[in-house]
Amino acid sequence: MSVGDIDTRQLKLICLHTMRHSLRSGSGLVYFLLAMFFGLFVANAVISPFELMVSQSGGAGPAEVEQGVIQFARPIVEWAIAGGNVGPGTTAWVEFLLNGRPALLSAIFFILLFGTPLLIPFGGFNQTSGDIGNRGLRYLLLRTERANIYYGRLLANIILAVAVQILVIATIALYLGLKVRIYDGMAITTWSLQGLFALSILTLPYVAVCAWISASNDSPMTSLFVASAVIGGVLLAAFLAQLKWDGGHWIGWLLPWGVQKQLFRPELSIVVLTGGACLLYTVVFAWLGARKFRTRDV
């Protein structure tokens, strides 16, 4: 199985069928509800204390409100960037996120940046494992190639995951613009688009990891457990290792955990390079999954 085996017409048909099936199935709905709940819960957890602070401040002016927002969001951003230990190399980055961009959105985006990968397995765990287990792919393989099945389902899961990100960010941006009203509409729109780009490009490698794991198992529940353990385990291992020695954070580079926060750097070149790194992760994991799917008995 190789990319050369792909038939674009069949790839499209499989992708569309997988999307429709995912929206009707329990796993697709569970992922949609979990992702929406998590995104809106994070937004509420960040925005509600600020709204309470504003209501208790009386007739505070715009300058006081803005400084209150920055002070409220600062601990979240500093922890996400440098574990709270902000040094000379990260001070400008923090100030860019808090003063140069809508601070509340920056805080929300960084929480979503670390939480979204942990939700991806709930939507991508059963790309091929269920059909491998019940031998259903044998009938489908009479009409198409394995490459069309594997990449078609991978593409469908990516589209659905990105669609959920669009819905979550659009809801948060609209609430900030229409209800909170402390930021200019253009500033919210611009920063929301970059946040959408960051979360969307980050989604790709984690969906590809799930595709690889799904192709390696014949049980959907096993696939879900392994994918969740791998994605969350790499982050936990990097965190624990960093407590023991300075170079422990490199473990996070086994997955995009080690680079993903760079998607919110002020330097466009670093953002582009980080996006390229996420695409490279995606290609590697997708290839590993395709190789496994090609060689295993289905």
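The values are calculated or read from the model by the stated rules, or taken from the named source; none is laboratory data. Note that the structure is a prediction, hence the values are computed from the model and not measured. Virtual Cβ from ideal backbone geometry, glycine too; neighbours counted across all protein chains shown.
For the structure I just gave you, tell me whether S25 is within 30 Å of W287 (Cα to Cα), at pLDDT below 85 and surrounded by 13 or more Cβ atoms within 10 Å (Cβ to Cβ).
In short, yes.
For every residue, the table says whether it meets (1) at pLDDT 90 or above; (2) touching a His at 6+ places or on another chain (Cβ under 6 Å); (3) within 15 Å of P117 (Cα to Cα); (4) surrounded by fewer than 18 Cβ atoms within 10 Å (Cβ to Cβ).
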| residue | (1), (2), (3), (4) |
| --- | --- |
| L224 | yes, no, yes, no |
| S228 | yes, no, yes, no |
| G233 | yes, no, yes, yes |
| L240 | no, no, no, yes |
| L243 | no, no, no, yes |
| G252 | no, no, yes, no |
| L255 | yes, no, yes, no |
| G276 | yes, no, no, yes |
| T282 | yes, no, yes, no |
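Looking at (1) at pLDDT below 90; (2) among the hydrophobic types (A, V, I, L, M, F, W, C); (3) crowded, with 20+ Cβ neighbours inside 10 Å, find the lone condition where W79 falls short.
(3)
Considering the range 119-145 alone, what residues qualify as being touching a Leu at 6+ places or on another chain (Cβ under 8 Å) and either in a helix (DSSP H, G or I) or not aromatic (F, W, Y) (or both)?
L119, P121, F122, G123, N126, Q127, T128, D131
Hey, among G124, G87, G133, which residue is closer than 27 Å to A208 by Cα and modelled with pLDDT under 80?
Result of the check over G124, G87, G133: G133.
Among V226, V230, V209, V164, which is farther than 16 Å from F285 by Cα, assigned to a helix (DSSP H, G or I), touching a residue at least 12 places away in the same chain (Cβ under 8 Å) and not acidic (D, E)?
Sole residue among the options that is farther than 16 Å from F285 by Cα, assigned to a helix (DSSP H, G or I), touching a residue at least 12 places away in the same chain (Cβ under 8 Å) and not acidic (D, E): V164.
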